[in-house]
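Just below is one structure, and these are the notes that go with it.
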Amino acid sequence: MSIDADTDPRRAPAIVHHILVVDDEADTALFLKSLLEKQGYNVTLAKDGGQAHSMFVMKKPDFVILDMMLPGETGFEVCERLKTLERNVPILALTAIDMDDARNLARRVGVDNYMTKPFDPDELLMQIKQTAEVVWLKSHASTEESVDDKPVRFACRCGKRFKVAQQHRGKTLTCPNCGEPVLVPRHN
């Protein structure tokens, strides 16, 4: 029998073990904790931004489910603060606010996915997996892009060494030492 990412979540590229749930409604928070623990997740609860920040710093979660309406500071502010600590931890907004302006603001402050209450538990579980994978892929794509930002290094036949930006690949430069044209290599 073959095991793949659909049947064994530990085989998925984005692994989620610990979820931080930030919601001031005790009934919703306890329902989410029960639902997620039945799926094998370790769940920590926070009822406001201060607790969320403390829990995030003490034991960095793999995923955050965040209500946008919280006492004190809003979920938008909490998200922005958490993303400054660790931008690659996925944050799913789970809120009663169903407005385009709220969705746009959430996206701007770093929310990775947005769901409204009431919600379908199966849909939530699917969105956790999908959101985690999208964030994982983005974080690894940016790592690959940063490797591509490295300068291109090569030398002319006369021995003069060059270091140029990636955008110059395939272009011809004139060597200042010998005056010969030098082709910037397309691949290192």
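The values are calculated or read from the model by the stated rules, or taken from the named source; none is laboratory data. Predicted model, so just to flag it, every value in this text is computed and none were measured. Positions of Cβ are backbone-derived with ideal geometry, glycine not excepted, and every protein chain shown enters the neighbour counts.
Observations, loosely collected:
- When residue 159 is tested against (1) assigned by TED's automatic domain parsing to the domain that holds residue 64; (2) exposed (fewer than 11 other Cβ atoms within 10 Å of the Cβ); (3) at positive phi; (4) not basic (Lys, Arg), only condition (1) is not met.
- Once segment 165-184 is narrowed to residues that are surrounded by 14 or more Cβ atoms within 10 Å (Cβ to Cβ) and assigned to a loop (DSSP other than H, G, I, E, B), the residue that is modelled with the highest pLDDT is 175.
- Residue within segment 89-98 that is under 23 Å from residue 19 (Cα atoms), of a type in the set (S, T, N, Q) and in contact with an Asp or Glu (Cβ under 9 Å, 6 or more places away or on another chain) present: yes
- Single match in 119, 162 (criterion: aromatic (Phe, Trp, Tyr) and in a strand (DSSP E or B)): 162
Yes/no matrix, rows are residues, columns are (1) over 21 Å from residue 52 (Cα atoms); (2) touching a Leu at 6+ places or on another chain (Cβ under 9 Å); (3) surrounded by 17 or more Cβ atoms within 10 Å (Cβ to Cβ); (4) in contact (Cβ under 8 Å) with a residue 12 or more places away in the chain:
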| position | (1), (2), (3), (4) |
| --- | --- |
| 64 | no, yes, yes, yes |
| 70 | no, no, yes, yes |
| 81 | no, no, no, yes |
| 97 | no, no, yes, yes |
| 114 | no, yes, yes, yes |
| 122 | yes, no, no, no |
| 126 | yes, no, no, no |
| 130 | yes, no, no, yes |
| 152 | yes, no, yes, yes |
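- Residue match in segment 32-48 (condition: assigned by TED's automatic domain parsing to the domain that holds residue 124 and more than 23 Å from residue 125 (Cβ to Cβ)): yes
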